[in-house]
Amino acid sequence: GGPLTTVMEILLLVSLFAAMLAFHNSATRYLYALGRARILPHAFARTRAGGAPQIAGIVQAGFAAVVAVIFFLAGANPITQIVPAMLGFGTLSVLILQGLAALSIVVYFRRRNDGRWWSTFIAPGIGFLGIAAIAILAMFNFNIVAGSEELWINLLPLLLVLAVIGGIFYAQYLKRSKPAVYDGLAADLEQFSTR
């Protein structure tokens, strides 16, 4: 260990901070957008004078603190358990979102009888199947993905299953009880139509 080890440790800490800040900003923007669309409470869309999402940022930081406290109370080692588990969980989450996005392209354009088969059916369909296969493998082998045999870490993918199921039920609730909010979801897509 001499000075190069110290430099490496500093660079690692700065990189981790940058990654955490990027994740915080991304999650905050999602909460803000969902609040603006009234899918989550509209208070999430409240911003500071400079335009930064205020309530969404506080909620996201609070959620991160709760997760950190849970790991702390469980006696988890930050380097060997928390970072690999959360990286694995985050990667699996992104895979599921990408797979659902690919599937939504197929469903959306099939309902509109779009004639562009390659870009609206074949390519996104192949993407969905490939991503779904990888996500399923990652879920069933989460101990390898997360680098841990701890039961509570290996149950983390169940949170994603619950989130998908909860999202389906919530969408049905919006469709029945708040049709304007539900229709607003599709209206966002219409703004980016390629036709």
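The values are calculated or read from the model by the stated rules, or taken from the named source; none is laboratory data. Keep in mind that this is a model prediction, so the values were computed, not measured. Cβ placement follows ideal geometry from the backbone for every residue including glycine, while neighbour counts extend to all protein chains displayed.
For this structure, a couple of remarks:
- No other residue among Ala56, Ala49, Ala43 is in a helix (DSSP H, G or I) and either surrounded by fewer than 12 Cβ atoms within 10 Å (Cβ to Cβ) or out of contact with any Lys or Arg (no Cβ under 8 Å at 6 or more places or on another chain) (or both) apart from Ala43.
- Positions within region 59-73 being surrounded by 16 or more Cβ atoms within 10 Å (Cβ to Cβ) and within 30 Å of Lys175 (Cβ to Cβ), in sequence order: Val59, Gln60
- Filter result (more than 23 Å from Asp183 (Cβ to Cβ) and β-branched (Val, Ile, Thr)) within region 25-61: Thr28, Thr47, Ile55, Ile58, Val59
- Condition met for Gln54 (of a type in the set (S, T, N, Q), closer than 30 Å to Asn154 by Cα and out of contact with any Cys (no Cβ under 9 Å at 6 or more places or on another chain)): no
- Set Ala56, Ala45, Ala37, Ala33: member being touching a residue at least 60 places away in the same chain (Cβ under 8 Å), in contact with a helix residue (DSSP H, G or I) (Cβ under 9 Å, 6 or more places away or on another chain), farther than 27 Å from Val145 by Cβ and not assigned by TED's automatic domain parsing to the domain that holds Ala171: Ala37
- In the set Ile82, Ile136, Ile131, Ile122, only one residue is touching a residue at least 24 places away in the same chain (Cβ under 8 Å) and out of contact with any Cys (no Cβ under 6 Å at 6 or more places or on another chain); that residue is Ile131.
- Filtered residues of region 74-100 (kept if surrounded by 15 or more Cβ atoms within 10 Å (Cβ to Cβ) and part of a loop (DSSP other than H, G, I, E, B)): Ala76
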